[in-house]
Amino acid sequence: RGVRGDIVPPVAGASTPDAPTWQNAALERAMAGMLGVAQLGIQHGLLSWREPWLLGWRQGLPGAQLSGLLAMLDQARRMRPGEAAERFWVGQEEEFDRAATLLVQGLSGYLLAERLALTLWRVDPQAVPERGLREARFMLFGPPPGTGAKDGGLCGRVLGILEEFIWQSATEQQLA
C-alpha cells in the first residue's frame with residue numbers, strides 16, 4: 001500500500017475521492033506535509049497503513065492522533081464551504097498554516113527521535129532520554145488523555161480550526 005491522497009471515504013454531500021472540492025493552498029500544504037510525516041514513519045518502521053484510511057503504529061506512538069488529523073484534513077478539503085465557513089477560514093487561515101507547518105516539522109523530528117531511541121535502546125537505553133520524547137509529545141499533542149487538561153498542543157490547535165470549519169460548512173450545507 002502506498003501513501004494515498006484520499007484518506008477517508010467521502011461522506012454524504014462531499015466530493016468524490018478523486019479530487020478535493022475546495023481548493024485551498026493552506027489545506028493542501030498541510031495534507032502534503034502530513035502525508036510526508038506518515039511516509040517518514042513508514043520508512044522508519046514506526047507506522048504502516050492498516051487500511052487505506054487508517055494508520056497502524058508502534059505502541060506508544062500517537063498514531064490515533066495522526067490518523068484522525070489526516071481524516072480531518074481530507075474531510076476539510078472535500079467540503080463545500082458557504083459564506084460563513086469561508087469567513088471563518090479567512091480569519092483562521094494564517095494561524096492554521098503556521099500551526100500546521102510547525103506540527104509537520106515537529107512530528108518529523110519527533111518520529112526520527114523515536115526511531116533513534118528504538119535503535120539505540122539495546123546499546124544504551126538512555127541515549128535518547130524518555131524525558132525529551134515526553135516533552136516533544138506534550139508540545140505536539142498536549143498532556144496525555146485522562147488528565148483533564150484542555151491543551152491539545154499544536155495538533156489541538158490545528159484540529160480546533162479544522163473542526164470549526166467543517167462544522168460551519170456542514171451546517172450551511174444542511175440549511176441550503
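When you count, for each residue, the other Cβ atoms within 10 Å and take the mean per peptide, how do 115-125, 31-41, 54-64 rank with the highest first? Write out the running numbers ahead of the final one.
Working: 115-125: 12.5, 31-41: 19.1, 54-64: 15.7.
In decreasing order of mean packing, 115-125, 31-41, 54-64 become 31-41, 54-64, 115-125.
Per-residue HN-Hα couplings for region 102-113, Karplus 6.51 cos²θ - 1.76 cosθ + 1.60 at θ = phi - 60°, whole Hz, x for Gly and Pro?
5, 5, 4, 5, x, 5, 4, x, 4, 4, 5, 5
Going by amide H atoms built from the backbone, whose H comes under 5 Å of the H on G82, apart from near neighbours?
none
Using 0.36 nm per residue, how much length does the chain from R122 to A32 gain when fully extended, once their Cα-Cα distance is taken away?
Details: separation 90, 0.36 × 90 = 32.40 nm, distance 3.44 nm.
Using 0.36 nm per residue and subtracting the Cα-Cα distance, I get 29.0 nm.
Could you go through region 158-165 in sequence order and give the Karplus-derived ³J(HN,Hα) for each residue, using 6.51 cos²θ - 1.76 cosθ + 1.60 with θ = phi - 60°, rounded to whole Hz, and x for Gly and Pro?
Computed from phi, the couplings for region 158-165 are 5, 5, x, 5, 4, 4, 5, 4 Hz.
Could you go through region 115-128 in sequence order and give the Karplus-derived ³J(HN,Hα) for each residue, using 6.51 cos²θ - 1.76 cosθ + 1.60 with θ = phi - 60°, rounded to whole Hz, and x for Gly and Pro?
Values per residue, Gly and Pro as x: 5, 4, 4, 5, 5, 8, 4, 5, 7, 8, x, 9, 4, 10 Hz.
Could you tell me the calculated FRET efficiency between E163 and R98, based on Cβ-Cβ distance and R0 = 25 angstrom, to the nearest 0.05? All intermediate terms of the calculation are to be shown ahead of the outcome.
Working: r = 18 Å, r/R0 = 0.71.
For R0 = 25 Å, the calculated efficiency reads 0.90.
Since every read-out is calculated from the coordinates, none of them should be taken as a lab result. Worth saying up front: this structure is predicted, and the values here are computed from it rather than measured. Because the Cβ atoms are built from the backbone with ideal geometry, glycine has one as well, and the counts that use them run over all protein chains shown.
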